[in-house]
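> Before I ask anything, here is the structure I am working with.
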Amino acid sequence: MADKNDFSEIITDILLELQKHSQELQKHSSVLRTVVDVQERMLTVQEQMQRTQEKILDRLHRNEAGFNAFAGTVLDHLGDIKSDLRGIRTTIFQDHEERLRRLEDFMRRAG
């Protein structure tokens, strides 16, 4: 009979140990699930950040292209103004020379 009790105690001890290991495995499993959840959330956030960065880069490229087109238009317009001013200067200079020549002619005739 003593042998039966010894085996019962051993089986009880084994079952208690198995229960402890089972509880530990459940804890580890729970921790691993939490880690997986956190990693999935981090991956989602990282994907969102990447999409946002791509949108920002796209906007920058569009804005740069728009700015370059605007700057080109402004430079062309300034070139036209410069050309017009040269024409005005030439006209004024020629008109001034003509008036001086007429004034000199008038002074010679008057003098």
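> Which listed residue (SER29, ILE10, ILE88) has the Cα farthest towards the positive end of the charge dipole for the chain, taking +1 on Lys and Arg C-beta and -1 on Asp and Glu C-beta about the Cα centre?
So the residue furthest toward the plus end is ILE88.
> What FRET efficiency would be calculated for the residue pair ASP84, ARG59, taking the C-beta separation as r and a Förster radius of 41 Å, to the nearest 0.05? Intermediate results must be reported in sequence, preceding the final value.
Numbers: r = 37 Å, r/R0 = 0.90.
That pair, ASP84 with ARG59, gives E of 0.65.
> Pop out the carbon and sulfur fraction of the accessible area of the chain as a percent, whole number, probe 1.4 Å. Before the final figure, lay out the partial values.
Details: 6410 of 10710 Å².
That fraction is 60 percent.
> Then there's this: Placing unit charges on C-beta atoms (Lys and Arg positive, Asp and Glu negative, everything else neutral), compute the dipole magnitude of region 1-86 about its Cα centre in debye, rounded to 20. Walk me through the numbers on the way to the answer.
Working: 11 positive and 15 negative charges, 126 e Å.
The calculation lands at about 600 debye.
> Where q = 0.13, 0.15, 0.16 Å⁻¹, what log10 of I(q)/I(0) comes from the Debye formula for region 1-58, counting one point per Cα?
Here log10 of I(q) over I(0) equals -0.59, -0.66, -0.69.
> Can you give the accessible area of LEU103 in Å² (nearest 10), computed on protein heavy atoms with a 1.4 Å probe?
Here the accessible area works out near 100 Å².
> Using the heavy atoms of the protein chains and a 1.4 angstrom probe, tell me the accessible area per residue for region 1-93 in square angstrom.
Values: 8800 Å² over 93 residues.
On a per-residue basis, region 1-93 sits at 95 Å².
> Calculate I(q)/I(0) for region 16-99 by the Debye formula, one identical point scatterer on each C-alpha and no solvent, and give its log10 at q = 0.17, 0.21 Å⁻¹ to two decimals.
Rounded to two decimals, the profile gives -0.88, -0.98.
> For the chain, find the longest principal axis of its Cα atoms and tell me its angle to the long axis of helix 2-110, 0 to 90°, nearest 10.
That helix lies at roughly 0 degrees to the long axis.
> Now for a different question. If I model a spin label as a point 7 Å beyond the Cα along the Cα-Cβ vector, how far apart are those points for SER30 and ASP95 in nm?
With each label placed 7 Å out from Cα toward Cβ, I get 9.5 nm.
> If ligands, DNA and RNA are left out, what is the accessible area of VAL45 with a 1.4 Å probe, given in Å² to the nearest 10?
70 Å²
The values are calculated or read from the model by the stated rules, or taken from the named source; none is laboratory data. Everything quoted here is computed from the prediction, not taken from an experiment. For neighbour counting, all protein chains shown are included, and Cβ atoms are generated from backbone atoms with ideal geometry for every residue, glycine included. Protein only, heavy atoms only, side chains kept; ligands, DNA and RNA dropped before computing areas. Shrake-Rupley method; radii C 1.70, N 1.55, O 1.52, S 1.80 Å.
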